[in-house]
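Please treat every number below as a calculation from the coordinates, not as lab data. Quantities reported herein were computed from a predicted structural model and do not represent experimental measurements. Quick reminder, even Gly has a Cβ in these numbers, built from the backbone with ideal geometry, and neighbours come from all protein chains shown.
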Amino acid sequence: MAKMAANHSIQFQKIISLSHPITRTIPLWPGDPPVAFEEVASIEKDGYYLRRFSMGEHSATHMNAPNSFYADGLGIEGYPPEDLVRPAVVIDVRSKTRNNPDYVISVQDIENWEHEHGLIEPGSVVLMYTEWQSLWNDPAAFFGEDEQGLHFPGIGESATLLLLEQRGVAGVGIDTHGVDPGQSSRFATNHLVLARNGIVLECLTNLDQLPAKGTTLVIGILGLQDGSGSPASVMAFIP
């Protein structure tokens with residue numbers, strides 16, 4: 001993964017959370033465990049309030065780890081903290097996805113963005129805004145599941161290869177439940193990014209509030225031992 005330069009600072013005017021609140025009703029990947037909360041202590045009985053919670057490592061806004069696809073891959077706790085502070089760009093593909101839930105984000109989408117904003121800088125995280133964040137409170141629509149499987153947009157293999165091999169990006173993120181399209185069975189984008197110990201962020205929100213470039217991401221994860229991923233608190237610092 002590309003490293004951040006030394007002696008840098010974050011200039012910002014506001015901070016936006018890109019993470020959904022974690023509730024019992026969030027959309028869950030088919031077969032994943034439900035979100036559960038259990039009260040352990042109450043103010044009335046114990047003088048303080050405490051719950052335990054459980055959920056899948058790839059539920060809510062989350063980051064994937066290499067060991068989710070590679071048996072000998074890095075666990076989520078293995079990411080150095082400096083790798084989790086990254087410049088970000090946002091590619092808006094709503095015009096393509098709005099009427100096509102199976103849209104595959106392409107090299108052309110990236111080149112169109114670069115024609116307007118310049119080449120994507122090495123070390124960036126590339127965020128894809130599909131508008132799927134607006135479906136978060138409707139799990140059936142968020143997944144679009146039918147007899148053919150799941151239906152939501154994702155990043156195509158060719159686009160991912162361009163970003164990794166020619167632009168040297170640090171990772172990708174998206175507001176759907178997968179950086180790979182819902183109809184994908186190969187999970188090529190996950191495989192390609194995670195083979196490089198890169199960043200994969202899924203189920204992001206508030207991407208409509210970010211500029212096309214200039215944002216700095218600060219990604220907070222749970223350091224779960226051998227974790228295949230972690231719910232993530234993703235903060236966007238806006239200049």
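Put simply, the chain fits an ellipsoid with semi-axes of 28, 22, 18 Å; these come from the alpha carbon gyration tensor as the roots of five times its eigenvalues, largest first. Across the chain, the mean sequence separation of Cα contacts (distance under 8 Å, 6 or more residues apart), normalised by length, yields a relative contact order of 32 percent.
Here the chain carries DSSP beta bridges of which approximately 65% are antiparallel, counting only pairs with both residues inside. Amide H contacts of A232: T61, H62, M63, each under 5 Å away and 5 or more positions distant or on a separate chain (H built 1.01 Å from N in the peptide plane; Pro and chain starts excluded). Each of Q13, Y79, M128 was scored by the projection of its Cα onto the charge dipole of the stretch 1-157, and the greatest displacement toward the positive side belongs to Q13; charges sit on the C-beta of Lys, Arg, Asp and Glu. Normalised radius of gyration (Cα atoms, divided by 2.2 N^0.38 Å) for the stretch 1-134: 1.39.
Against the chain, whose longest principal axis is taken from its Cα atoms, helix 107-117 shows a tilt of about 80°.
How would the stretch 129-185 be classified by its alpha-carbon gyration tensor: rounded, prolate or oblate, with rounded meaning a/c under 1.5 and the a/b versus b/c comparison settling the rest?
In terms of gyration-tensor shape, oblate.
Rounded, prolate or oblate: which fits the stretch 102-239, taking a ≥ b ≥ c as square roots of the Cα gyration tensor eigenvalues, rounded meaning a/c under 1.5, else prolate when a/b beats b/c? In terms of gyration-tensor shape, rounded. By the count of neighbouring beta-carbon atoms within 10 Å, fewest first, I22, I10 end up ordered I10, I22.
With springs only between Cα atoms under 10 Å apart, run a GNM on the chain and tell me which of T23, T216, T97 wobbles the most. Looking only at T23, T216, T97, the biggest GNM fluctuation is shown by T23. Rounded is the label for the stretch 163-234, because a/c, from the alpha-carbon gyration tensor with a ≥ b ≥ c as root eigenvalues, stays below 1.5.
Grouping the Cα pair distances of the stretch 90-142 into 10 Å bins from zero gives a pair-distance distribution of 22, 49, 24, 6 percent in increasing distance order. Taking the alpha-carbon centroid of each part, what is the distance from the stretch 130-186 to the stretch 33-58 in angstrom? One Cα centre to the other: 31 Å.
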